[in-house]
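The values are calculated or read from the model by the stated rules, or taken from the named source; none is laboratory data. Here the structure is a predicted model, which is why all the values come from computation and not from measurement. Note that we place each Cβ from the backbone using ideal geometry, even for glycine, and neighbour counts take in every protein chain shown.
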Amino acid sequence: MAGVSEAGKPQQTMADFGFFSAVRLVRPFFRRYRLRLLVGLLALLAVDFLQLVIPRIIKGAVDLLASGAASETLLVDKALLILLVAAGIAVSRFLWRYLVLGFSRLLERDLRDWLFSHLLRLDYPFFQKKPVGEIMALATNDLAAVQLAGGMGLVAAADACIMSLAALACMAYISLPLTLLTLLPMPLLALLTRVLSRRIHKGFTRVQHQFSKLTEFARSTIANIHLFKAYGRTAAQIRGFDYLGRAYVRDNVRLAAVHGTLFPLAGLVGNLSLFLVLFFGGRLVIVQKISIGDFVAFVSYLYMLTWPMMAIGWVANLFQRGVTSLGRINEVLIARPQLVGPEAPLAPPAAVGEIEVRNLDFGYEGQERPVLQNINFQIKAGEFVGVVGKTGSGKSTLCNILARLYPVAGEAFFWGGVDVNQLDLAAVRSSIAYVPQEVVLFSRSIAANIAFGKPSASQAEIEEAAAICGIHDEIMAFADGYQTMVGEKGVKLSGGQRQRIALARAVLLKRSVVIIDDSLSAVDMETEQAIIQALARYFVNRTCIVVSHRIAPLKNADSILVMADGAVVAQGRHGELMARNSFYATICRQQRVDLSHGEEGHHA
Ligand SMILES: Nc1ncnc2c1ncn2[C@@H]1O[C@H](COP(=O)(O)OP(=O)(O)O)[C@@H](O)[C@H]1O
Ligand SMILES: [Mg+2]
């Protein structure tokens with residue numbers, strides 16, 4: 001699919017995203033399907049041309065009848081001609097519908113692909129700011145509006161232009177003064193359209209915004225339904241949903257009211273013209289300037305002009321919606337990942353797994369106080385490092401940074417002695433296996449969940465990883481073993497089972513750096529200790545950073561970082577910290593950690 005590389009240029013600022021910005025954005029897609037569009041518009045042209053022929057045939061017939069020269073055969077000829085023209089119209093109409101409306105679907109698909117692939121290139125922080133429901137609304141409602149504008153809108157605009165020009169030409173051919181007369185009310189229409197379309201734009205922005213709120217509300221409720229039930233909040237959610245639904249309807253009705261004035265007003269202007277034609281055109285017939293046939297044909301043409309006039313309002317509305325929606329999509333398209341590797345990355349360092357953090361400060365966007373302050377530590381390749389600290393002390397934030405999910409300033413994070421910003425992002429990530437604190441399992445088999453990072457993994461590899469994480473026997477106890485499907489969000493598994501499967505997913509990758517963020521919190525203490533012991537063999541020659549709220553599993557670590565309030569307040573081995581750090585000693589006492597064997601590292 002060429003959609004991604006050949007996509008258009010998003011407008012770089014959010015302000016004033018107008019018609020021309022929209023055109024720039026979608027131009028490449030129009031170019032891609034130009035043949036289809038060309039043939040489709042030609043078919044449209046044919047329909048319009050053939051439609052214009054009909055009044056001429058009628059004029060011939062009327063003039064024949066009026067002059068008394070009509071014979072049965074002549075009339076049959078005219079009737080047959082009309083049938084032929086009608087058949088031509090039918091075929092051409094099918095063609096343009098098929099081609100141009102098909103184009104609008106292709107445009108929609110390409111934009112959707114572009115949006116999706118762009119979203120996947122954005123950083124993790126972006127998604128913490130943008131609710132999923134809002135993104136879903138972009139991919140549904142907004143793309144639908146663009147599709148309508150690019151399909152029916154385009155057709156109606158082209159049709160209105162062709163029809164009005166052609167009808168005007170035919171009318172002018174009959175009588176130029178009469179034609180000019182009928183055009184008198186037109187500027188009025190243009191003015192009306194301009195004023196109203198601005199209000200339509202505003203109204204539509206509001207409607208789309210309401211819709212994304214509604215979508216997000218429904219998503220977050222359904223995704224967390226157990227919580228709403230447990231807390232007896234379902235009735236409140238239903239009321240909340242109803243409230244948002246009402247707001248959506250209210251804004252929609254307001255929009256319809258604005259939109260609704262456009263149509264009748266356009267119709268009124270058309271009828272104003274008809275009034276002029278009947279009055280002045282009739283007089284031209286009386287003074288025999290034009291024939292009755294001409295008069296009838298003229299009125300037919302005027303009717304043909306009424307539709308384009310009405311279409312102006314409709315098309316303006318469709319385009320407004322399309323442009324508004326494209327503007328919302330553009331907002332996402334101009335978002336750039338902050339975390340990108342350098343243009344010319346340095347060669348990967350020899351000492352993979354050697355990590356140094358120097359004077360690192362880090363704050364989340366929009367927060368005043370930095371979450372991490374002046375963090376300093378060094379980890380040698382192959383070390384087992386524990387991280388302890390109260391909740392909120394910044395352990396997970398540190399893990400996210402070490403796993404390269406958040407950008408860091410230069411000269412703060414070194415990877416094998418090299419500033420990590422100088423290295424290829426994908427290369428760094430591919431030497432890390434990260435187990436985030438919050439477990440995510442997919443609705444697939446257990447095997448597929450474990451092999452997530454390496455879908456080509458063999459059954460033996462999967463089982464080995466599971467065994468290391470102490471979950472193999474439990475998986476085998478399921479009737480379907482490794483093929484057991486994990487239910488939507490893994491409801492069939494216990495918290496501890498889910499955590500160990502998530503751990504096995506990382507273990508399977510055999511990466512040189514392993515980051516485990518409190519991933520065994522839901523298993524009992526003995527099991528955690530047993531798993532960490534089983535992992536010890538696996539940890540040899542790998543740099544392992546293990547966050548745990550329990551100290552016991554970290555007793556054998558080469559080094560333990562003690563975090564408090566966003567800072568590393570102490571670092572050392574278990575025994576040293578017990579002796580030196582009262583904060584650490586207090587935690588140990590609370591957890592009744594056996595003080596006897598603290599000194600040996602895990603290699604011992
Ligand atoms: N995505 C986020 N946006 C803003 N603040 C955050 C985010 N994640 C965590 N924090 C804040 O950062 C601090 C440290 O959180 P965290 O790293 O999760 O601590 P820990 O893992 O030690 O419990 C907390 O005060 C928390 O409120
Ligand atoms: Mg945490």
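Taken over the range 450-464, residues that are within 13 Å of GLY481 (Cα to Cα) and not hydrophobic (A, V, I, L, M, F, W, C) amount to 2.
Just one of the listed residues (GLY353, GLY313, GLY416) is of a type in the set (Gly, Ala, Ser) and touching a strand residue (DSSP E or B) at 6+ places or on another chain (Cβ under 7 Å), namely GLY353. When the range 224-262 is filtered for residues that are touching a Phe, Trp or Tyr at 6+ places or on another chain (Cβ under 7 Å) and either among the β-branched types (Val, Ile, Thr) or under 30 Å from HIS201 (Cα atoms) (or both), the ones remaining, listed by number, are THR234, GLY240, PHE241, LEU244, TYR248, LEU255. One residue alone among ASN374, ASN400 is within 16 Å of ligand 1 (Cβ to nearest atom) and surrounded by fewer than 18 Cβ atoms within 10 Å (Cβ to Cβ), and that residue is ASN374. For the range 468-488, filtered to residues that are closer than 21 Å to ILE516 by Cα and free of Cβ contacts under 8 Å to residues at least 60 places away in the same chain, the residue that is surrounded by the fewest Cβ atoms within 10 Å (Cβ to Cβ) is HIS472.
Listed here are the strands (runs of 3 or more DSSP E) enclosed by the range 350-445 that have at least 3 residues being on the phi < 0 side of the Ramachandran plot and not β-branched (Val, Ile, Thr): 355-362, 372-379, 413-415. Regarding the range 301-322, can at least one residue be identified that is surrounded by fewer than 16 Cβ atoms within 10 Å (Cβ to Cβ) and assigned to a helix (DSSP H, G or I)? Checked the range 301-322: at least one residue is surrounded by fewer than 16 Cβ atoms within 10 Å (Cβ to Cβ) and assigned to a helix (DSSP H, G or I). In this structure, SER430 qualifies as within 30 Å of VAL568 (Cβ to Cβ) and away from ligand 2 (no atom under 16 Å from the Cβ). Does PHE452 satisfy the criteria of being within 25 Å of the chain's Cα centre (by Cα), under 13 Å from ALA506 (Cα atoms) and outside any helix (DSSP H, G or I)? For PHE452, the condition - within 25 Å of the chain's Cα centre (by Cα), under 13 Å from ALA506 (Cα atoms) and outside any helix (DSSP H, G or I) - is met. Cβ-Cβ contacts under 9 Å between residues 6 or more apart (or on different chains), taken from a first residue in the range 110-125 that is not assigned by TED's automatic domain parsing to the domain that holds ASN400 and in a helix (DSSP H, G or I) to a second residue that is of a type in the set (S, T, N, Q) and crowded, with 16+ Cβ neighbours inside 10 Å, are listed as LEU111/GLN147; TYR124/ASN400. Cβ separations smaller than 6 Å between residues 6+ apart or across chains give no pair from the range 354-370 residues that are over 15 Å from VAL420 (Cα atoms) and among the aliphatic types (A, V, I, L, M) to residues that are part of a strand (DSSP E or B) and modelled with pLDDT of 90 or more. Evaluating VAL439 against the criteria (1) among the aliphatic types (A, V, I, L, M); (2) in contact with a Pro (Cβ under 9 Å, 6 or more places away or on another chain); (3) closer than 17 Å to ALA506 by Cβ leaves one unmet condition, (2). For the range 382-392, the candidate set comprises residues that are farther than 19 Å from ARG542 by Cβ and surrounded by 22 or more Cβ atoms within 10 Å (Cβ to Cβ); within that set, the residue that is nearest to ligand 1 (Cβ to nearest atom) is GLY389. Answer with yes or no whether TYR303 is without any contact (Cβ under 8 Å) to a residue 60 or more places away in the chain and more than 23 Å from ARG511 (Cα to Cα). Here the answer is yes, as TYR303 does meet what is asked. For the range 153-169, a tally of residues being more than 20 Å from PHE211 (Cβ to Cβ) and within 36 Å of the chain's Cα centre (by Cα) returns 8.
So that you can scan it fast, the table gives a plain yes or no per residue for (1) assigned to a helix (DSSP H, G or I); (2) away from ligand 1 (no atom under 16 Å from the Cβ):
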residue	(1), (2)
GLY496	yes, yes
LEU503	yes, yes
VAL514	no, yes
SER519	no, no
ALA536	yes, yes
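Using the structure shown, decide if ILE290 is of a type outside the set (Gly, Ala, Ser) and either crowded, with 22+ Cβ neighbours inside 10 Å or in the same structural domain as VAL408 (by TED's automatic domain parsing) (or both). Here the answer is no, as ILE290 does not meet what is asked.
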